[in-house]
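Below is one structure; the comments refer to it alone.
The values are calculated or read from the model by the stated rules, or taken from the named source; none is laboratory data. All of these numbers come straight from a predicted model, not from anything done at the bench. Neighbour counts run over all protein chains shown; Cβ positions are idealised from the backbone, glycine included.
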Amino acid sequence: MSTAHVLLGVLAGGPAHGYDLKREHDARLPGAKPLAYGQVYATLARLERDGQVEVAATEGGSGPERTVYAISEVGEEVLLDWLATPEQPGPYAAEELVRKTVTALRLHRDARPFLAAQRALHLERMRALVAEQRAAPDVEARIALDHTIVHLDADLRWLDDAAARVADEGNALR
Amino acid sequence: MTSTDGSGATALLRAHALHKSFGRTEALRGASVEVAAGEVVALTGPSGSGKSTLLLCLAGVLRPEAGSVAYDGSRLDDLPEATRTRLRRREFGLVLQFGQLVPELSAVQNVMVPLLLERHGRAAARTAALAWLDRLGAAGLADALPGDLSGGESQRVAMARALVTGPSVVFADEPTGSLDRVSGEDVMEVLVSTAQSTGAAVVLVTHDNRVAAYADREVVLRDGAVDDPAVVR
């Protein structure tokens with residue numbers, strides 16, 4: 001589960017408190033389920049325990065006390081590792097692909113190597129499924145495989161669109 | 001020279017640093033690719049990335065302005081037109097998106113055409129053409145005219161025509177592009193399994209990931225060259 005990684009990605013842009021993190025997460029991933037505050041604080045507590053974030057400051061003021069968090073060196077390593085690693089293609093990988101790409105772009109990192117590596121891995125899985133389908137003994141097995149193949153195809157098309165948009169952006173900046 | 005695959009010295013077909021323009025449009029900008037004997041390679045990439053142009057250069061149909069295409073160790077791009085055409089007819093088969101059958105000829109006559117151009121006798125050509133239609137599950141279509149065939153049937157006839165000369169490489173440009181999913185799957189199944197059994201390599205252009213998944217290897221094109229995300233452009 002990578003809510004933690006997205007939060008690390010936000011913190012890589014500068015220290016923030018829980019409320020900012022929630023707002024930023026929801027703004028970056030408009031298609032995803034909004035984060036609950038409880039989830040934000042539970043994730044921050046876990047990241048702090050694992051040494052990936054540190055408390056940068058505690059703000060007082062008129063309202064309740066607010067803790068400002070910053071990413072640690074360990075946290076940065078974990079984040080960069082996550083950004084560079086393609087996901088195992090599967091029914092639940094799709095959202096993770098979006099999280100990773102959006103986080104990389106927000107941090108002004110080149111997302112193309114990740115997108116290309118991910119496409120290669122997805123296509124390899126597709127190749128295995130198509131081979132399995134060609135060898136499938138009956139129509140039921142083929143229909144069941146169709147479902148997985150079609151979803152994988154949707155991911156692949158999204159990866160292509162994302163790569164095209166990133167390339168367009170690059171051309172516009174050139 | 002950088003090798004674009006692991007086939008190295010065994011490459012049957014090798015394109016290196018191809019450039020090709022149409023008017024002011026640069027379709028290919030330094031594309032390189034290698035195809036090994038018997039290998040199935042999918043050329044993919046966005047519209048306008050140069051994949052069809054690369055396929056037609058590899059097939060000796062288009063001549064690149066710069067770069068080289070070698071088939072079986074010999075340069076293809078600087079052969080005289082007539083020699084290139086002869087080599088293309090003998091060694092290469094071509095399948096396009098809409099079959100491209102001659103509408104006035106029956107299915108079996110269409111399949112006979114490449115053999116007749118190679119001066120085979122009519123009777124022998126007809127026997128070979130019928131055998132190929134049979135092999136591709138289209139024996140019953142022999143006397144039908146292209147206008148009466150479905151998309152999938154036309155592609156079967158087109159494949160028989162591409163395979164009848166026993167080519168070393170079959171080039172297919174969006175072979176399933178005009179077909180529904182199940183007919184497309186059928187065409188790919190026939191194309192890949194027949195190529196495998198005859199030992200022919202297949203180079204196909206597609207924008208369909210499921211079709212690309214029939215290939216042993218994918219080459220992604222972007223802006224007229226093989227996409228290498230490690231290169232900062």
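Out of A:Thr101, A:Thr67, I need the residue that is at pLDDT 90 or above and within 30 Å of A:Val150 (Cβ to Cβ). Which one? That would be A:Thr101, the only listed residue that is at pLDDT 90 or above and within 30 Å of A:Val150 (Cβ to Cβ). Out of curiosity, is B:Val164 away from chain A (no Cβ under 14 Å), at pLDDT 95 or above and within 15 Å of the chain's Cα centre (by Cα)? No: the conditions fail for B:Val164.
Conditions (1) in a strand (DSSP E or B); (2) within 14 Å of another protein chain (Cβ to nearest Cβ); (3) among the polar types (S, T, N, Q), marked per residue:
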residue	(1), (2), (3)
B:Lys20	yes, no, no
B:Gly30	yes, no, no
B:Ser47	no, yes, yes
B:Ser68	yes, no, yes
B:Thr85	no, no, yes
B:Arg90	no, no, no
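Applying the criterion of being of a type in the set (D, E, K, R) and within 9 Å of chain B (Cβ to nearest Cβ) to the residues of segment A:147-160, the residue that is farthest from B:Asn209 (Cα to Cα) is A:Asp160.
This table checks each residue for (1) within 30 Å of B:Arg181 (Cβ to Cβ); (2) polar (S, T, N, Q).
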position	(1), (2)
A:Ala70	no, no
A:Asp81	no, no
A:Gln88	yes, yes
A:Ala117	yes, no
A:Arg127	yes, no
A:Asp138	yes, no
A:Val150	yes, no
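Exactly one residue among A:Glu24, A:Glu54 is under 15 Å from the mean Cα position of the chain (by Cα) and not basic (Lys, Arg), and that residue is A:Glu24.
Of A:Arg142, A:Arg99, all but one fail to be within 12 Å of the chain's Cα centre (by Cα), part of a helix (DSSP H, G or I) and not aliphatic (A, V, I, L, M); the exception is A:Arg99.
Would a scan of segment A:61-68 turn up a residue that is out of contact with any Ser or Thr (no Cβ under 8 Å at 6 or more places or on another chain), among the hydroxyl-bearing types (Ser, Thr, Tyr) and assigned to a loop (DSSP other than H, G, I, E, B)?
Initially, segment A:61-68 is screened for residues out of contact with any Ser or Thr (no Cβ under 8 Å at 6 or more places or on another chain), giving A:61-64.
From what is left, the residues that are among the hydroxyl-bearing types (Ser, Thr, Tyr) are A:62.
Checking which are assigned to a loop (DSSP other than H, G, I, E, B) leaves us with A:62.
Looking for residues that are out of contact with any Ser or Thr (no Cβ under 8 Å at 6 or more places or on another chain), among the hydroxyl-bearing types (Ser, Thr, Tyr) and assigned to a loop (DSSP other than H, G, I, E, B), one finds at least one in segment A:61-68, hence yes.
One residue stands out among those in segment A:110-146 that are at the interface with chain B (Cβ under 8 Å from one of its Cβ atoms) and basic (Lys, Arg): the one that is nearest to B:Leu191 (Cα to Cα), which is A:Arg134.
Just for segment A:25-60: of the residues that are surrounded by 11 or more Cβ atoms within 10 Å (Cβ to Cβ) and of a type in the set (S, T, N, Q), which one is nearest to A:Val78 (Cα to Cα)? Please lay out each step first, then the result.
Let us first name the residues in segment A:25-60 that are surrounded by 11 or more Cβ atoms within 10 Å (Cβ to Cβ), namely A:25-26, A:28-29, A:32, A:34-35, A:37, A:39-48, A:50-57, A:59.
In the following step, the residues that additionally are of a type in the set (S, T, N, Q) were identified as A:39, A:43, A:52.
Details: A:Gln39: 20, A:Thr43: 15, A:Gln52: 8 Å.
So, considering only residues that are surrounded by 11 or more Cβ atoms within 10 Å (Cβ to Cβ) and of a type in the set (S, T, N, Q), the one nearest to A:Val78 (Cα to Cα) is A:Gln52.
Return yes when A:His122 is surrounded by 20 or more Cβ atoms within 10 Å (Cβ to Cβ), of a type outside the set (Ser, Thr, Tyr) and free of Cβ contacts under 8 Å to residues at least 40 places away in the same chain and no when it is not. Walk me through how you get there before you give the answer.
On the way: surrounded by 20 or more Cβ atoms within 10 Å (Cβ to Cβ): yes; of a type outside the set (Ser, Thr, Tyr): yes; free of Cβ contacts under 8 Å to residues at least 40 places away in the same chain: yes.
In short, yes.
If you check A:Ala104, A:Ala117 for being in a helix (DSSP H, G or I), surrounded by 18 or more Cβ atoms within 10 Å (Cβ to Cβ) and small (Gly, Ala, Ser), only one passes: A:Ala104. Within segment B:211-233, the set of residues being within 23 Å of B:Lys20 (Cβ to Cβ), at the interface with another protein chain (Cβ under 9 Å from one of its Cβ atoms), charged (D, E, K, R) and touching a residue at least 12 places away in the same chain (Cβ under 8 Å) comprises B:Glu218, B:Arg222, B:Asp223, B:Asp227.
Screening segment B:188-202 for residues that are assigned to a helix (DSSP H, G or I) and more than 13 Å from chain A (Cβ to nearest Cβ) and picking the one that is nearest to B:Trp132 (Cα to Cα) gives B:Thr194. Counting only residues that are closer than 18 Å to A:Ala131 by Cα, small (Gly, Ala, Ser) and in contact (Cβ under 8 Å) with a residue 24 or more places away in the chain, which one in segment B:171-200 is surrounded by the most Cβ atoms within 10 Å (Cβ to Cβ)? Once the filter is applied, the top-ranked residue is B:Ala195. For segment B:29-38, indicate whether the set of residues that are touching a Ser or Thr at 6+ places or on another chain (Cβ under 8 Å) and more than 30 Å from A:Val166 (Cα to Cα) is non-empty. Within segment B:29-38 (the criterion being touching a Ser or Thr at 6+ places or on another chain (Cβ under 8 Å) and more than 30 Å from A:Val166 (Cα to Cα)), the answer is yes, since at least one residue qualifies.
Among the residues of segment B:134-157, those identified as small (Gly, Ala, Ser) and out of contact with any helix residue (DSSP H, G or I) (no Cβ under 8 Å at 6 or more places or on another chain) are B:Gly140, B:Gly147. Checking each residue in segment B:42-59 for being within 13 Å of B:Asn209 (Cα to Cα) and either modelled with pLDDT of 95 or more or among the hydroxyl-bearing types (Ser, Thr, Tyr) (or both) picks out B:Ala42, B:Leu43, B:Thr44.
Of all residues in segment B:134-163, those satisfying the criterion of being in contact (Cβ under 8 Å) with a residue 24 or more places away in the chain, surrounded by fewer than 24 Cβ atoms within 10 Å (Cβ to Cβ) and hydrophobic (A, V, I, L, M, F, W, C) are B:Leu136, B:Leu141, B:Ala142, B:Ala144, B:Leu145, B:Leu149, B:Leu163. Within segment B:203-210, can one find any residue that is assigned to a helix (DSSP H, G or I), touching a residue at least 12 places away in the same chain (Cβ under 8 Å), crowded, with 19+ Cβ neighbours inside 10 Å and within 16 Å of the chain's Cα centre (by Cα)? So far as segment B:203-210 goes, no, none of its residues is assigned to a helix (DSSP H, G or I), touching a residue at least 12 places away in the same chain (Cβ under 8 Å), crowded, with 19+ Cβ neighbours inside 10 Å and within 16 Å of the chain's Cα centre (by Cα).
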